[in-house]
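The values are calculated or read from the model by the stated rules, or taken from the named source; none is laboratory data. Since the structure is predicted, the reported quantities are computational estimates derived from the model, not experimental observations. Here Cβ is always computed from backbone atoms with ideal geometry, including for glycine, and neighbour counts include all displayed protein chains. Accessible surface areas use protein heavy atoms only, side chains included; no ligands, DNA or RNA. Shrake-Rupley method; radii C 1.70, N 1.55, O 1.52, S 1.80 Å.
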Amino acid sequence: MRLTVKQITGLKVLLHLAGFLPLVWLFWAVQHGGLGADPGKDIQHFTGITALKFLLVTLLISPLARYAKQPLLFRTRRLLGLWCFAWATLHLTSYALLELGIQNLGLLGRELVSRPWLTLGIIGWIILLLLTLTSTQAAQRKMGKRWQTLHNYVYLTAILLPLHYLWSVKVLSPLPIIYAICFAVLLAFRYKKLLRKTGYKGVFMKSE
């Protein structure tokens, strides 16, 4: 049975809660000592992981909608993409403020180009920013074929951001490897489409 428009609306509400409630928990944890010995690192880790989760689910929508024959699921992609960008921005902000400090924000540019894992991360963030700014149907109409080309760069973020995570950890643990494998599997399902460069509907396209 196919999902209805009403059910998709309910699903969107749940997805918004999935994006917002972790932020509520993070504020609670900061206020009540729910983080570890290094709260700054914990906040950076939490925001980065949440961004990765939303990127993973965003990329999962297309194959899920096609294989499950649920075309209305495509309407959730923009919402998921926007939450991915929001959490990625929180991750970048937490690094700038908690790792460098307000007094050393001038060092941010140097850090981003001198540390390879940070370079991968900021490139991924810039791509997410561009996808977010062009996520509306009006932008799609105005850009024409260039819109499609730009939104295919979401696949590059699916490579860069897991690598950023893997490279950034000092002690390799199973979690970054698991995320890398999940993204690799999703990309493997789409490699023929990537080679043909055809027919992909932008992940951050505005919901109908």
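So is H45 under 19 Å from W87 (Cβ atoms), part of a helix (DSSP H, G or I), within 18 Å of the chain's Cα centre (by Cα) and free of Cβ contacts under 8 Å to residues at least 24 places away in the same chain or not?
Judged against the criteria, H45 is a match.
Show me the helices (runs of 4 or more DSSP H) found entirely inside segment 85-178 where at least 2 residues are closer than 19 Å to T47 by Cα and more than 12 Å from the chain's Cα centre (by Cα).
It comes to 108-114, 116-133, 154-168.
Mind checking whether some residue in segment 51-68 is open to solvent by 20 Å² or more (accessible area, probe 1.4 Å), more than 19 Å from F189 (Cβ to Cβ) and not hydroxyl-bearing (S, T, Y)?
Within segment 51-68, none of the residues are open to solvent by 20 Å² or more (accessible area, probe 1.4 Å), more than 19 Å from F189 (Cβ to Cβ) and not hydroxyl-bearing (S, T, Y).
Output the residues belonging to segment 64-75 that are touching a residue at least 40 places away in the same chain (Cβ under 8 Å), more than 13 Å from T136 (Cα to Cα) and in a helix (DSSP H, G or I).
Matches in segment 64-75: P71, L72, L73, F74.
How many of the residues in segment 1-33 are surrounded by 13 or more Cβ atoms within 10 Å (Cβ to Cβ) and in a loop (DSSP other than H, G, I, E, B)?
Counting residues in segment 1-33 that are surrounded by 13 or more Cβ atoms within 10 Å (Cβ to Cβ) and in a loop (DSSP other than H, G, I, E, B) gives 1.
Taking L161, is it open to solvent by less than 30 Å² (accessible area, probe 1.4 Å) and either touching a residue at least 60 places away in the same chain (Cβ under 8 Å) or not hydrophobic (A, V, I, L, M, F, W, C) (or both)?
Against the criterion (open to solvent by less than 30 Å² (accessible area, probe 1.4 Å) and either touching a residue at least 60 places away in the same chain (Cβ under 8 Å) or not hydrophobic (A, V, I, L, M, F, W, C) (or both)), L161 qualifies.
Every residue, every condition in (1) modelled with pLDDT under 95; (2) closer than 25 Å to W125 by Cα, yes or no:
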position: G40; (1), (2): yes, yes
position: K53; (1), (2): no, yes
position: V57; (1), (2): no, yes
position: K69; (1), (2): yes, no
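Report yes if some residue within segment 102-112 is basic (K, R), modelled with pLDDT of 90 or more and open to solvent by 60 Å² or more (accessible area, probe 1.4 Å); otherwise report no.
no
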